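Participant: Just dropping this structure here.
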Amino acid sequence: MTVYPPLLRPPRFQHRWWLHILLFLLTVGSTTVVGAGYYLSFVHGADGAAVPIDGWILAHGLVFSAAVLGILGAHEMGHYLACRYYDVDATLPFFLPFPLLSISGTLGAVIKIREPFPNRRALFDIAVAGPIAGFVVLVPLLVYAMSQSQILPGPLPDRGMFFGEPLLFRAVAWLRFGRTTEDVLVNLHPIGFAAWFGMLATAWNLLPFGQLDGGHLAYATLGRRSRYLSLATVTASVALCVVSLSWVLMTVMMIAMLYFFGPNHPRPLDDDTPIGHVRVAIAIIAVVMFALCFTFVPLEIRE
């Protein structure tokens, strides 16, 4: 490791503002288009009437964009602000547009951490700050979306795209509509799809694998033993591809990470300081968040 004298230390927390802004604007555009489609389906499902395409449709699409980017932005800014607290050099969030064949218009957002973690406590806090911040934002959005949704006569159609229902989604739907049967449908408000994507992103980020947030938390809590949890996670992900093809993308990403970075998590500079009982309790809360947001079949396409 190169050690610089104080006056020669390279500048830190430097950002390519033009790239962050460009990617953000492109992602606003792609998520707005997808959100407009959700709004058209929502209004058409409510009364069955044709909906004219005008500026209001894009305005509602922009509301969806604000919701999904608010969740993702809160998640990544949670990481970034924790990095600033521990003085760990990192970038601002890079939002990733994905306009084609997308359920949200985005692949998510990422930050790049450019320095080793100083100790396991910093590793834990930086990792957990993102999922908690995103979860705090998505819960009220889900509650609001469910309050604006309606019950429609069923049964389920034989073809189309079907979204898995995490425990949190089912709980909020039960609070809104009570116990429902298969002969009714929930016509979900577009913001509900933004919250659903936020739950998917939260659950996948909390998978205890490699350098995902869950992998960081596992290493900070369990140390080197977390490598076995990483290997078990990627094995389970491969098996889940048999249950649902929607796991293929995540599985390919984890296998690629395993190939390029190996099964061992990078060690922080101080690998001996324990994280303490409070952080162990927070780790349990993170497991509960994962359980609330997880679904075995995130997406199913029936023909």
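Every number in this text was worked out from the coordinates using simple rules, so none of it is lab data. Worth saying up front: this structure is predicted, and the values here are computed from it rather than measured. For neighbour counting, all protein chains shown are included, and Cβ atoms are generated from backbone atoms with ideal geometry for every residue, glycine included.
Participant: Counting only other residues whose beta carbon sits under 11 Å from that of Ala173, what net charge do I get with K and R as +1, D and E as -1?
Facilitator: So the environment of Ala173 carries a net charge of +2.
Participant: Report the extension gain between His44 and Tyr259 in nm, rounded to one decimal, defined as 0.36 nm multiplied by the number of residues separating them, less their alpha carbon distance. Intermediate values should be presented prior to the final figure.
Facilitator: Working: separation 215, 0.36 × 215 = 77.40 nm, distance 4.65 nm.
Computed gain between His44 and Tyr259 is 72.7 nm.
Participant: Net charge near His79, counting Lys/Arg +1 and Asp/Glu -1 over other residues with Cβ under 12 Å of its Cβ?
Facilitator: -1
Participant: Okay, moving on. How far apart, in nm, are two points set 7 Å out from the Cα along the Cα-to-Cβ line at Thr180 and at Arg224?
Facilitator: Here the modelled spin labels are 5.1 nm apart.
Participant: So if we plug the beta-carbon distance of Ala59 and Glu300 into 1/(1 + (r/R0)^6) with R0 = 45 Å, what FRET efficiency do we get, rounded to 0.05? Don't jump to the answer; show the numbers that get you there.
Facilitator: On the way: r = 31 Å, r/R0 = 0.68.
Efficiency, rounded to the nearest 0.05: 0.90.
Participant: How far apart, in nm, are the 7 Å Cα→Cβ label points at Met161 and Leu96?
Facilitator: Once both label points are built, they end up 1.8 nm from each other.
Participant: Turning to a different aspect of this structure: Specify the angular offset, from 0 to 90 degrees and rounded to the nearest 10, of the alpha carbon long axis of helix 167-177 from the longest principal axis of the alpha carbons in the chain.
Facilitator: With rounding to tens, the tilt is 30 degrees.
Participant: Which of Leu200, Pro99, Ser226 sits farthest toward the positive end of the charge dipole of the chain, with +1 on the Cβ of Lys and Arg and -1 on the Cβ of Asp and Glu?
Facilitator: Ser226
Participant: Let me ask you something else. Quick one: dipole size for the range 12-302, taken about the Cα centre, charges +1 on Lys/Arg Cβ and -1 on Asp/Glu Cβ, in debye to the nearest 20.
Facilitator: With Lys and Arg at +1 and Asp and Glu at -1, about 580 debye.
Participant: Take the alpha carbon atoms of the range 71-99, find their center, do the same for the range 166-222, and report the distance between the two centers in whole angstrom.
Facilitator: 21 Å
Participant: Quickly estimate the mean residue ellipticity at 222 nm for the chain, helices only: each DSSP H run with n ≥ 4 gives -39500 (n - 2.57), and the total goes over all residues, rounded to 500.
Facilitator: Numbers: 9 runs with 178 residues, N = 303.
That calculation yields -20000 deg cm²/dmol at 222 nm.
Participant: Amide H neighbours of Phe94 under 5 Å, counting only residues 5+ apart in sequence or on other chains, H built in-plane at 1.01 Å?
Facilitator: Amide H neighbours of Phe94: Val110, Ile111.
Participant: Pop out the ³J(HN,Hα) list for the range 74-84 in order, Karplus 6.51 cos²θ - 1.76 cosθ + 1.60 with θ = phi - 60°, rounded to Hz; leave Gly and Pro as x.
Facilitator: Those phi angles translate into 4, 4, 6, 5, x, 4, 5, 5, 5, 4, 4 Hz.
Participant: Report the relative contact order of the chain, percent, no decimals, based on alpha-carbon pairs under 8 angstrom and at least 6 residues apart.
Facilitator: 21 percent
Participant: Now a separate question. For the ranges 253-260, 134-141, 27-34, 280-287, what's the packing order if you count other beta-carbon atoms within 10 Å of each residue, average per peptide, and put the highest first?
Facilitator: The peptides rank, most packed first, as 27-34, 134-141, 280-287, 253-260.
Participant: Sort largest first and round to whole Å: the equivalent ellipsoid semi-axes of the chain, each the square root of five times a Cα gyration tensor eigenvalue.
Facilitator: With the √(5λ) rule applied to the chain, the semi-axes are 37, 23, 17 Å.
Participant: What's the extension gain from Trp18 to Ser244 if we count 0.36 nm per residue and subtract their Cα-Cα distance?
Facilitator: So the extension gain works out to 77.5 nm.
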